[in-house]
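Taking it in order: structure first as structure tokens, then the write-up.
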């Protein structure tokens with residue numbers, strides 16, 4: 001829908017990937033390497049889950065980043081890497097994007113979501129409801145699109161890996 005121009009010129013993209021599993025100091029096989037810069041590299045939440053949010057926006061919009069401003073925070077005492085990040089990005093076509101990735105967002109288990117707003121319409125997708133996406137045109141009611149259903153457009157059903165309704 002983005003590639004077909006159904007949204008018009010993209011103006012704003014918001015992506016977030018909040019989690020809560022590193023809200024407190026934690027020692028486990030997964031936590032130990034993710035919070036150790038010698039093993040995971042210089043980025044904490046930005047490198048671990050922020051990259052997924054960034055890649056999702058690039059894949060969906062096809063837009064390239066022209067400028068970046070980031071605020072990396074570490075809330076858990078003694079942690080050596082960031083556990084919460086806010087990033088403002090500007091795409092080459094004057095589109096802005098906000099990216100938030102957090103591993104200290106209490107109550108968010110794995111809340112990846114993407115919102116894309118153009119001059120004619122907007123899309124919203126949440127990882128918690130992976131088979132659905134919401135599309136809203138200007139002055140129109142919000143439509144729920146389902147994988148294998150209306151979201152497939154003119155593609156024959158055979159091109160959809162799983163029938164609609166299957167997780």
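Comparison of 98, 133 shows that the only residue that is part of a strand (DSSP E or B), within 15 Å of the chain's Cα centre (by Cα) and at pLDDT 95 or above is 98.
Looking for something surrounded by fewer than 20 Cβ atoms within 10 Å (Cβ to Cβ) and touching a helix residue (DSSP H, G or I) at 6+ places or on another chain (Cβ under 7 Å) - is there at least one such residue anywhere in the range 47-57? Yes, the range 47-57 contains at least one residue that is surrounded by fewer than 20 Cβ atoms within 10 Å (Cβ to Cβ) and touching a helix residue (DSSP H, G or I) at 6+ places or on another chain (Cβ under 7 Å). Applying the criterion of being surrounded by fewer than 18 Cβ atoms within 10 Å (Cβ to Cβ) and more than 27 Å from residue 20 (Cα to Cα) to the residues of the range 77-95, the residue that is modelled with the highest pLDDT is 90. Evaluate the range 58-76: report whether one residue or more is in contact with a helix residue (DSSP H, G or I) (Cβ under 6 Å, 6 or more places away or on another chain) and loosely packed, with under 13 Cβ neighbours inside 10 Å. No, every residue in the range 58-76 fails to be in contact with a helix residue (DSSP H, G or I) (Cβ under 6 Å, 6 or more places away or on another chain) and loosely packed, with under 13 Cβ neighbours inside 10 Å. Taken as a whole, the structure leaves residue 68 outside the set of residues that are part of a strand (DSSP E or B), touching a strand residue (DSSP E or B) at 6+ places or on another chain (Cβ under 6 Å), in contact (Cβ under 8 Å) with a residue 40 or more places away in the chain and within 30 Å of residue 121 (Cα to Cα). When the range 1-33 is filtered for residues that are farther than 30 Å from residue 135 by Cβ, touching a residue at least 24 places away in the same chain (Cβ under 8 Å) and surrounded by 14 or more Cβ atoms within 10 Å (Cβ to Cβ), the ones remaining, listed by number, are 21, 22, 23. For the range 118-127, the count of residues that are modelled with pLDDT of 95 or more, at negative phi and either part of a loop (DSSP other than H, G, I, E, B) or loosely packed, with under 15 Cβ neighbours inside 10 Å (or both) is nonzero. Of all residues in the range 99-117, those being surrounded by 15 or more Cβ atoms within 10 Å (Cβ to Cβ) and within 23 Å of residue 44 (Cα to Cα) number 12.
For the range 30-46, residues that are within 19 Å of residue 86 (Cα to Cα), modelled with pLDDT of 95 or more and assigned to a helix (DSSP H, G or I) total 2.
The values are calculated or read from the model by the stated rules, or taken from the named source; none is laboratory data. Everything numeric in this text was worked out from a predicted model, so none of it was measured. FYI the Cβ positions are ideal-geometry reconstructions off the backbone, even for glycines, and counts take in every protein chain you see.
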